[in-house]
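Following: one structure in structure tokens, then a few remarks.
The values are calculated or read from the model by the stated rules, or taken from the named source; none is laboratory data. Only a predicted model underlies this, so the values are computations on that prediction, with no experimental measurement involved. Neighbour counts are summed over all protein chains in view; Cβ atoms, including those assigned to glycine, are modelled from backbone coordinates with ideal geometry.
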Amino acid sequence: MSTNKNKVYLASPFFSDGQKDRISQVVSLLKQNPTIDADGIFIPQDHQFESEPFGSFKWQDAVFASDMRQVHKTDVVVAILDYQLEDGLTEPDSGTVFEIGSAHEANIPVIMVQFGENSQLNLMLSRSYTAFFNGKDDIQNIKDYDFNNLEQRYTEKKVL
């Protein structure tokens, strides 16, 4: 495994305790990975421009611009697809999907992570990932994945 340290943009919803817990788990695994820059993990929830009122035009503009800049300057996007897992819903968050599409269009590798194993995968997402980690046990393998070689890693999820 080579020693290059990759910067990560972590795409994920962060609106509930469950979502924040999944982010913490993935960040912990990434920080254990020798091919990841532990200090170079951009977590959007930590960059919300509190100086502007939440939801205001200036806040929206600043957050969008910052997130898109970070997506385009990163080495890899790691996307957590679980959105409303606690409610039994398996569709990913629309913001996460947008970030995946932006990264894919910019030729930035996308690593997908999903805790909920029994979901289906949209065709557009199924063709835009480099590696897929599916379910709590498989997600543990993120700490050993070589983000320099970026070996293709498939999932058996049903595609719609």
Of the residues in segment 76-101 that are among the hydroxyl-bearing types (Ser, Thr, Tyr) and surrounded by 18 or more Cβ atoms within 10 Å (Cβ to Cβ), the one that is nearest to the chain's Cα centre (by Cα) is Thr96
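I want to confirm something. Restricting to segment 118-130 and keeping residues that are surrounded by 14 or more Cβ atoms within 10 Å (Cβ to Cβ) and in a loop (DSSP other than H, G, I, E, B), which single residue is modelled with the lowest pLDDT? Outline the logic, then answer.
As a first pass, look at segment 118-130 and keep what is surrounded by 14 or more Cβ atoms within 10 Å (Cβ to Cβ): 119, 121-122, 125-126, 128-130.
Right, trim to in a loop (DSSP other than H, G, I, E, B) and you get 119, 122, 128-130.
Numbers: Ser119: 79, Asn122: 91, Ser128: 96, Tyr129: 97, Thr130: 98.
So the residue we want is Ser119.
Yes/no per residue for (1) under 21 Å from Val113 (Cα atoms); (2) among the charged types (D, E, K, R); (3) modelled with pLDDT of 95 or more:
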{"site": "Thr3", "(1), (2), (3)": "no, no, no"}
{"site": "Leu29", "(1), (2), (3)": "yes, no, yes"}
{"site": "Ile36", "(1), (2), (3)": "yes, no, yes"}
{"site": "Gln48", "(1), (2), (3)": "no, no, no"}
{"site": "Glu52", "(1), (2), (3)": "no, yes, no"}
{"site": "Trp59", "(1), (2), (3)": "no, no, no"}
{"site": "Asp67", "(1), (2), (3)": "yes, yes, yes"}
{"site": "His72", "(1), (2), (3)": "yes, no, yes"}
{"site": "Val77", "(1), (2), (3)": "yes, no, yes"}
Considering segment 50-75, residues that are touching a residue at least 60 places away in the same chain (Cβ under 8 Å) and part of a loop (DSSP other than H, G, I, E, B), and then whichever is surrounded by the fewest Cβ atoms within 10 Å (Cβ to Cβ), we arrive at Asp75
Across segment 18-49, the tally of residues that are assigned to a strand (DSSP E or B), aliphatic (A, V, I, L, M) and buried (at least 18 other Cβ atoms within 10 Å of the Cβ) stands at 2
Restricting segment 3-17 to residues that are in a loop (DSSP other than H, G, I, E, B) and of a type in the set (A, V, I, L, M, F, W, C), the one surrounded by the most Cβ atoms within 10 Å (Cβ to Cβ) turns out to be Phe14
If we keep only residues of segment 102-117 that are among the hydrophobic types (A, V, I, L, M, F, W, C) and in a loop (DSSP other than H, G, I, E, B), then the residue surrounded by the fewest Cβ atoms within 10 Å (Cβ to Cβ) is Ala106
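Condition first: buried (at least 16 other Cβ atoms within 10 Å of the Cβ) and in contact (Cβ under 8 Å) with a residue 40 or more places away in the chain. Now tell me which residues in segment 131-142 satisfy that.
Initial filter on segment 131-142 (buried (at least 16 other Cβ atoms within 10 Å of the Cβ)): 131-134, 138-139, 142.
Answer for segment 131-142, where residues must be buried (at least 16 other Cβ atoms within 10 Å of the Cβ) and in contact (Cβ under 8 Å) with a residue 40 or more places away in the chain: Ile139, Ile142.
Against the condition of a type in the set (Val, Ile, Thr), farther than 17 Å from Asn148 by Cα and under 15 Å from the mean Cα position of the chain (by Cα), how does Ile36 come out, does it pass? Give the steps one after another, and end with the answer.
On the way: of a type in the set (Val, Ile, Thr): yes; farther than 17 Å from Asn148 by Cα: no; under 15 Å from the mean Cα position of the chain (by Cα): yes.
No.
Looking at this structure, is Leu89 among the aliphatic types (A, V, I, L, M), within 25 Å of Lys5 (Cα to Cα) and either in contact with a helix residue (DSSP H, G or I) (Cβ under 8 Å, 6 or more places away or on another chain) or not in a helix (DSSP H, G or I) (or both)?
The answer is no for Leu89.
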Taking segment 143-157 and keeping residues surrounded by fewer than 16 Cβ atoms within 10 Å (Cβ to Cβ) and under 22 Å from Asp93 (Cα atoms) leaves Tyr154, Glu156
